[in-house]
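Engineer: Take a look at this one; I'll ask things after.
The values are calculated or read from the model by the stated rules, or taken from the named source; none is laboratory data. Quick caveat: nothing in here was measured; it's all calculated off a predicted structure. No Cβ is skipped: glycine too gets one built from the backbone with ideal geometry, and neighbour counts run over all protein chains shown. The protein model used for the area step is the full one, side chains on, heavy atoms only, and it has no ligands, DNA or RNA in it. Shrake-Rupley method; radii C 1.70, N 1.55, O 1.52, S 1.80 Å.
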Amino acid sequence: MDFNSVFGSWRHWPCSAICFLGSLFLLLNHVTGIASNSTYLIGLGSYDITGPAADVNMMGYANSEQVASGVHFRLQARAFIVAEPQGKRAVFVNIDACMASQIVTLKVLERLKARYGDLYNEHNVAISGIHTHAGPGGYLQYVVYIVTSLGFVRQSFDVIVDGIEKSIMQAHENLRPGSIFVNKGEILDAGVNRSPSAYLNNPEAERSKYKYNVDKEMTLLKFVDKQWGPVGSFNWFATHGTSMSRTNSLISGDNKGAAARFMEDWAEQSGLLEDVDNVYLDESKVESIKLNGIPRRVSNIIPNTCKNFNELEQLAASFRSSGGRPATRLLSVVRRVRSYLKQAERPRFISAFCQSNCGDVSPNVLGAFCVDTGLPCDFNHSTCNGKNELCYGRGPGYPDEFESTRIIGERQFQRAVDLFKQASEQLTGKVDYRHSYLDFSKLEVTLPKASGGNEIVKTCPAAMGFAFAAGTTDGPGAFDFKQGDDQGNTFWRLVRNLLKTPDEEQKECQRPKPILLDTGEMKKPYAWAPAILPIQIIRIGQLVILSVPGEFTTMAGRRLRDAVKTVLTSGGHGEFDHNVHIVIAGLTNTYSQYVTTYEEYQMQRYEGASTLYGPHTLNAYIQEFKKLATALVTGGAVEPGVQPPDLLDVQISLLAPVVADATPIGVEFGDVSTDVPKNAGFKKGDMVAVTFWSACPRNDLMTEGTFALVEFLQNKDTWVPAYDDDDFCLRFKWSRPWKFSTRSHATIEWRIPESAASGVYRMRHFGAAKSLLGSIHHFTGSSSAFVVM
């Protein structure tokens, strides 16, 4: 083709065509620049893991009265895979759950082996929980973690396993050439130390090396696809998922889940991706994608063509509540704002906010106060006049837990955006990993003696101290327990002995912890606590991820990172320099509660009392991780260890099934029970609420769908999905008049955001009802329309 014949008359082209070419040139130059530095194959995936939104106890606070009854926003499994084109690969999955579960990990690995052979296995797959305390429980296999959920909850377990598998499948299918960039930065106002008296027991010389008594640094990865540009980010930052309180009953990803939702929406709504869309598509196609493809907020896609309130009011009056009617399961998925069925061909942007060494870090940054006097709690014991039940931490939105969740989530999100925009250090080098199973009930640990030489100490079978029952300032316990108790009391020892009396060897091993529950030696009806734990190192270039199966405190995490870094950067192996980035991925692959330093353990606050394997637990981790790190830099192998038990077939569940759902005579499922006021008008910031006749949400989890929807009226006759139960501003609340009633209601609450477009809206509910014969029937219903100005 003759170049001049095509482009020679460019001076006579319209300005729009010249701008188009300029944009195309810049884009192609940008993509070429990225492509030239591509070093890995990268793939990301995400899938819904929202569990049963009714009847199931929440996991985290161990509060038997905290039972799910709705959705704040949905939970996700988010995965990335990084592979060398002709070498090894690694998988990291971040789940919006309280923690990883041994049985979940085992069953995911079984499915991956059946699907991919030996490509993905326990060595190169890490599954990590964000530590929200607002997700359904019952998905762990050890007794102590499923007591309050009335045993094992198969529905909770299945949706998590399914979602993790599907997120990895998506990431695998999305593998393409790309690059990864790393960046670090501090967040000063998203976490405080909730056990400062224990932290102060660490050596002063060690404490003086650090500016803060919690880790303030976020480490972020930016994933850049060779073809599409930025496609996601994962970051690690330490703060507890306890912005939502122990009385909350709505499923929520807490502050980290909120941050992930904010960042994914930011990426889709900002100009981050639009250059690609606009260069390759004409105006009509771009608008089509905005409406039907990549999710956008309604304020961005619908112009305010009609601002006259009277005109809008008349239009709204023509749409009264529709009444309940049959629907298909797919309709809930199709109408979801972020439905995968609506996605454009380009990959979705996926952002994960992962957990780190959060053991003693609280998001309730205003401090802990007594609810009766308003005064600060006792420093050493976190009590108020001797009672721990009155001492609560306050989040930045106090007394509104939803606002505290938003603020802490937003602080992480804003910092992540800054780091994402400025990330320039590219990861290069090998993908590698090491993994081992260890029996933490009897590990021998070699420690240096102050007088010279070494001594050998041991870890212990798992046990919980009296201060475990005191809880924390994020969620205090009950009765007369208190933090900092290294004595115990006679009454609770008698109660303990009815279950299991610890022998003298166990008492001595755990000292100074007074044993409340000797869980490691309790085996009826099956094991109460884990003994065999996985430890894992994953390397991606100069980034090293330490996968730990518990909650390390701030100083415990620092010691582990420093020990591993010393191994990686010394010895003349040439694999790493001192710029190596080491992150701790907490609550990964299984769960074994807390890990404190030896000095913090002596104080027997909640974290020390919950350090299961005795005072030398941290030293055991450091010793074994140093072995993994040595093998990583030398290319050596490590002992695989003994596989942990699979207890799925012996699980017990006492959760009653859903028998049937019913409505009064003349009422259909999906009918409106309480509508918006007639001729109602609302403004930004108002709360709109509609109640529907409903059925138990356990009948269908609406995975990748929604229970609740706000629709916007476009062109006077088309209802467009605007907000759903995965939006922070929308709440789905389910209730029944009494525990075993067949009748129930669903209330949809929408706090109208400032970004909402003026116009006509309506609420819509999706559900599934169970008949006495056991069949499931899906339904939907809509409210009357209303005006937002």
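Engineer: For the structure I just gave you, tell me whether D158 is more than 22 Å from S362 (Cβ to Cβ), open to solvent by less than 10 Å² (accessible area, probe 1.4 Å) and of a type outside the set (V, I, T).
Structural biologist: no
Engineer: Let me ask you something else. Can you tell me which residues in the stretch 618-633 are aliphatic (A, V, I, L, M), crowded, with 22+ Cβ neighbours inside 10 Å and within 14 Å of M555 (Cα to Cα)?
Structural biologist: Answer for the stretch 618-633, where residues must be aliphatic (A, V, I, L, M), crowded, with 22+ Cβ neighbours inside 10 Å and within 14 Å of M555 (Cα to Cα): just L618.
Residues are listed down the side, and each one gets a yes or a no for (1) farther than 30 Å from I42 by Cβ; (2) of a type in the set (D, E, K, R):
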| site | (1), (2) |
| --- | --- |
| L427 | no, no |
| D439 | yes, yes |
| K442 | yes, yes |
| P448 | yes, no |
| S451 | yes, no |
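Engineer: Please find, within the stretch 678-703, the residue that is surrounded by the most Cβ atoms within 10 Å (Cβ to Cβ) out of those that are within 19 Å of A316 (Cβ to Cβ) and touching a Phe, Trp or Tyr at 6+ places or on another chain (Cβ under 8 Å).
Structural biologist: Going through the qualifying residues, I end up with V688.
Engineer: Could you please find all residues in the stretch 210-238 being touching a strand residue (DSSP E or B) at 6+ places or on another chain (Cβ under 9 Å) and outside any strand (DSSP E or B)? Show your work before the answer.
Structural biologist: Restricting attention to the stretch 210-238, the residues satisfying the condition of being touching a strand residue (DSSP E or B) at 6+ places or on another chain (Cβ under 9 Å) are 212-228, 230-238.
Answer for the stretch 210-238, where residues must be touching a strand residue (DSSP E or B) at 6+ places or on another chain (Cβ under 9 Å) and outside any strand (DSSP E or B): Y212, N213, V214, D215, K216, K226, Q227, W228, F237, A238.
Engineer: What are the residues in the stretch 520-540 that are in contact with a helix residue (DSSP H, G or I) (Cβ under 9 Å, 6 or more places away or on another chain) and part of a strand (DSSP E or B), if any?
Structural biologist: I532, L533, P534, I535, Q536, I537, R539, listed by residue number.
Engineer: Any idea which residue in the stretch 744-763 is farthest from A68 (Cα to Cα), counting only those that are open to solvent by 20 Å² or more (accessible area, probe 1.4 Å) and assigned to a strand (DSSP E or B)?
Structural biologist: The selected residue is R762.
Engineer: List the residue pairs whose Cβ atoms are under 8 Å apart, where the first residue sits in the stretch 409-424 and is in contact (Cβ under 8 Å) with a residue 60 or more places away in the chain, the second is surrounded by fewer than 17 Cβ atoms within 10 Å (Cβ to Cβ) and in a helix (DSSP H, G or I), and the two are 6 or more positions apart or on different chains.
Structural biologist: Matching pairs, first to second residue: none at all.
Engineer: Pairs needed: first member in the stretch 154-181, within 28 Å of Q102 (Cβ to Cβ) and among the polar types (S, T, N, Q); second member anywhere, open to solvent by less than 40 Å² (accessible area, probe 1.4 Å) and part of a helix (DSSP H, G or I); C-beta distance under 9 Å; at least 6 residues apart or different chains.
Structural biologist: So the pair list comes out as Q155/R698.
Engineer: Can you go through P376, P363 and tell me which one is at pLDDT 95 or above and touching a His at 6+ places or on another chain (Cβ under 7 Å)?
Structural biologist: The match here is P363.
Engineer: Listed residues S735, S775, S741, S782; which is open to solvent by 10 Å² or more (accessible area, probe 1.4 Å), touching a residue at least 24 places away in the same chain (Cβ under 8 Å) and over 24 Å from the mean Cα position of the chain (by Cα)?
Structural biologist: Sole residue among the options that is open to solvent by 10 Å² or more (accessible area, probe 1.4 Å), touching a residue at least 24 places away in the same chain (Cβ under 8 Å) and over 24 Å from the mean Cα position of the chain (by Cα): S735.
Engineer: Across the stretch 528-579, what is the total count of residues that are modelled with pLDDT of 95 or more and of a type in the set (D, E)?
Structural biologist: Summing the residues that are modelled with pLDDT of 95 or more and of a type in the set (D, E) in the stretch 528-579 gives 2.
Engineer: Still on this structure: Taking only pairs six or more apart or across chains, which ones have beta-carbon atoms under 6 Å, a first residue in the stretch 572-601 that is on the phi > 0 side of the Ramachandran plot, and a second residue that is polar (S, T, N, Q) and part of a loop (DSSP other than H, G, I, E, B)?
Structural biologist: Close Cβ pairs (under 6 Å, with a partner that is polar (S, T, N, Q) and part of a loop (DSSP other than H, G, I, E, B)) amount to L587/Q355; Q593/S610.
Engineer: Which one of M99, M58 is open to solvent by less than 10 Å² (accessible area, probe 1.4 Å) and either part of a helix (DSSP H, G or I) or within 22 Å of I538 (Cα to Cα) (or both)?
Structural biologist: Criteria check complete, one pass: M99.
Engineer: Suppose we keep only residues that are in contact with an Asp or Glu (Cβ under 8 Å, 6 or more places away or on another chain) and farther than 25 Å from A637 by Cβ within the stretch 522-564. Which one would you say is surrounded by the fewest Cβ atoms within 10 Å (Cβ to Cβ)?
Structural biologist: Looking at the filtered set, the residue picked out is R558.
Engineer: For the stretch 595-617, what are the residues that are open to solvent by less than 10 Å² (accessible area, probe 1.4 Å) and within 25 Å of the chain's Cα centre (by Cα)?
Structural biologist: Passing the criteria: V595, T596, E607, G608, S610, T611, L612.
Engineer: Next up: Under 8 Å between Cβ atoms, which residue pairs at least 6 apart in sequence (or on different chains) link something in the stretch 650-670 that is over 30 Å from Q141 (Cα atoms) and among the aromatic types (F, W, Y) with a partner that is open to solvent by less than 40 Å² (accessible area, probe 1.4 Å) and in a loop (DSSP other than H, G, I, E, B)?
Structural biologist: Matching pairs, first to second residue: F669/G324; F669/D661; F669/T663; F669/A695.
Engineer: Still on this model: Quick check on G367: is it touching a helix residue (DSSP H, G or I) at 6+ places or on another chain (Cβ under 6 Å) and in contact (Cβ under 8 Å) with a residue 24 or more places away in the chain?
Structural biologist: no
Engineer: Do you know which residues across the stretch 179-188 are open to solvent by less than 60 Å² (accessible area, probe 1.4 Å) and either in contact with a Phe, Trp or Tyr (Cβ under 6 Å, 6 or more places away or on another chain) or within 19 Å of V544 (Cα to Cα) (or both)?
Structural biologist: S179, I180, F181, V182, N183, G185 - these are the residues of the stretch 179-188 that are open to solvent by less than 60 Å² (accessible area, probe 1.4 Å) and either in contact with a Phe, Trp or Tyr (Cβ under 6 Å, 6 or more places away or on another chain) or within 19 Å of V544 (Cα to Cα) (or both).
Engineer: So how many residues does the stretch 593-608 have that are in a helix (DSSP H, G or I), under 14 Å from N193 (Cα atoms) and of a type in the set (S, T, Y)?
Structural biologist: The number of residues fulfilling the criteria is 1.
Engineer: Is it the case that the stretch 454-469 has a residue that's out of contact with any Leu (no Cβ under 9 Å at 6 or more places or on another chain) and not β-branched (V, I, T)?
Structural biologist: no
Engineer: Are there any pairs with C-beta distances below 9 angstrom linking a residue in the stretch 473-494 that is of a type in the set (K, R) to a residue that is open to solvent by 40 Å² or more (accessible area, probe 1.4 Å), with the two at least 6 apart or on different chains, and if so which?
Structural biologist: Between residues of the stretch 473-494 that are of a type in the set (K, R) and residues that are open to solvent by 40 Å² or more (accessible area, probe 1.4 Å), the close pairs are K482/D378; K482/H381; K482/G386; K482/K387; R493/T501.
Engineer: Related question: Restricting to the stretch 189-198, give me the number of residues that are outside any helix (DSSP H, G or I) and either surrounded by 17 or more Cβ atoms within 10 Å (Cβ to Cβ) or among the small types (G, A, S) (or both).
Structural biologist: 6
Engineer: Any residue that is over 32 Å from the mean Cα position of the chain (by Cα) and of a type outside the set (S, T, N, Q) - is there at least one of those in the stretch 639-659?
Structural biologist: Applying the first criterion (over 32 Å from the mean Cα position of the chain (by Cα)) to the stretch 639-659 yields none.
Among the residues of the stretch 639-659, not one is over 32 Å from the mean Cα position of the chain (by Cα) and of a type outside the set (S, T, N, Q), which makes the answer no.
Engineer: What residue, of R115, R78, is at pLDDT 95 or above, closer than 28 Å to Q651 by Cα and open to solvent by 40 Å² or more (accessible area, probe 1.4 Å)? Before the answer, list the steps.
Structural biologist: Details: R78 fails: open to solvent by 40 Å² or more (accessible area, probe 1.4 Å).
The match here is R115.
Engineer: If you scan the stretch 73-127, which residues turn out to be closer than 30 Å to L709 by Cα and small (G, A, S)?
Structural biologist: If the condition is that a residue be closer than 30 Å to L709 by Cα and small (G, A, S), then A77, A79, A97 are the ones that fit.
Engineer: Kindly provide the set of residues from the stretch 481-508 that are touching a helix residue (DSSP H, G or I) at 6+ places or on another chain (Cβ under 8 Å), open to solvent by 10 Å² or more (accessible area, probe 1.4 Å) and in a helix (DSSP H, G or I), ordered by number.
Structural biologist: Hit for the stretch 481-508 is W492, nothing else.
Engineer: Related question: Give me the residue from the stretch 199-226 that is open to solvent by 10 Å² or more (accessible area, probe 1.4 Å) and among the hydrophobic types (A, V, I, L, M, F, W, C) and, out of that set, farthest from G395 (Cα to Cα).
Structural biologist: Residue satisfying both the conditions and the ranking: A205.
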